[in-house]
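> One structure is given below, represented as structure tokens, and several questions about it will come after.
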Amino acid sequence: LSALFYRVTDERAKKTELLLVGMICYTSQHYCAFAFHTKSSKWVFFDDATVKEIGSRWKDVVTKCIKGHFQPLLLFYSNPDGSAIITEDASKQNSSQIHPKTSINGDVQVSESNVSVQKKLELT
């Protein structure tokens, strides 16, 4: 991570190598996505209702991006040394979501609702 970011405070994170596993792209007022399927070891392309295997190499994704004029916007990485998080084992936390509402006269009203996370989050 220290090769990407100027300041990494966690010593373990400085040495961590992450794997690129997904990417959101933009072209001509349209979004598409690429994701690495770990079981088949193939890159998969998602474009609306179209889902296609691209290939097993990153070069295959780059070629598709160049041909389609896809501009990468958001990259997703995984930590190969990471493990799944079970929220029941973590400390219970409630987070507040703020929902702004605009009244007829244009005033903004804010209301809060508590949301708790109770499902298993898988990182792989």
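The values are calculated or read from the model by the stated rules, or taken from the named source; none is laboratory data. From a predicted model like this one, the values you see are computed outputs, not experimental measurements. Every residue, glycine among them, receives a Cβ derived from its backbone with ideal geometry; neighbour counts consider all protein chains shown.
> Residue pairs, Cβ under 9 Å, 6 or more apart or interchain, first in the stretch 6-34 and farther than 15 Å from PHE76 by Cβ, second in a helix (DSSP H, G or I) and at pLDDT below 70. List them.
VAL8/LYS14
> Turning to a different aspect of this structure: What are the residues in the stretch 33-48 that are surrounded by 16 or more Cβ atoms within 10 Å (Cβ to Cβ) and either polar (S, T, N, Q) or under 14 Å from the mean Cα position of the chain (by Cα) (or both), if any?
Of everything in the stretch 33-48, those that are surrounded by 16 or more Cβ atoms within 10 Å (Cβ to Cβ) and either polar (S, T, N, Q) or under 14 Å from the mean Cα position of the chain (by Cα) (or both) turn out to be ALA33, PHE34, ALA35, PHE36.
> Read through the list (1) over 28 Å from THR16 (Cβ atoms); (2) over 19 Å from the mean Cα position of the chain (by Cα); (3) surrounded by 13 or more Cβ atoms within 10 Å (Cβ to Cβ); (4) touching a residue at least 12 places away in the same chain (Cβ under 8 Å), then give the number of the only condition that ASP60 fails.
(1)
> Okay, moving on. Going by what's in this entry, would ASP60 be described as among the acidic types (Asp, Glu) and modelled with pLDDT of 95 or more?
Numbers: among the acidic types (Asp, Glu): yes; modelled with pLDDT of 95 or more: yes.
So ASP60 fits the description; yes.
> Could you list all residues from the stretch 14-32 that are surrounded by 13 or more Cβ atoms within 10 Å (Cβ to Cβ) and either of a type in the set (Val, Ile, Thr) or more than 17 Å from PRO80 (Cα to Cα) (or both)?
Across the stretch 14-32, the qualifying residues are THR16, VAL21, MET23, ILE24, CYS25, TYR26, THR27, TYR31, CYS32.
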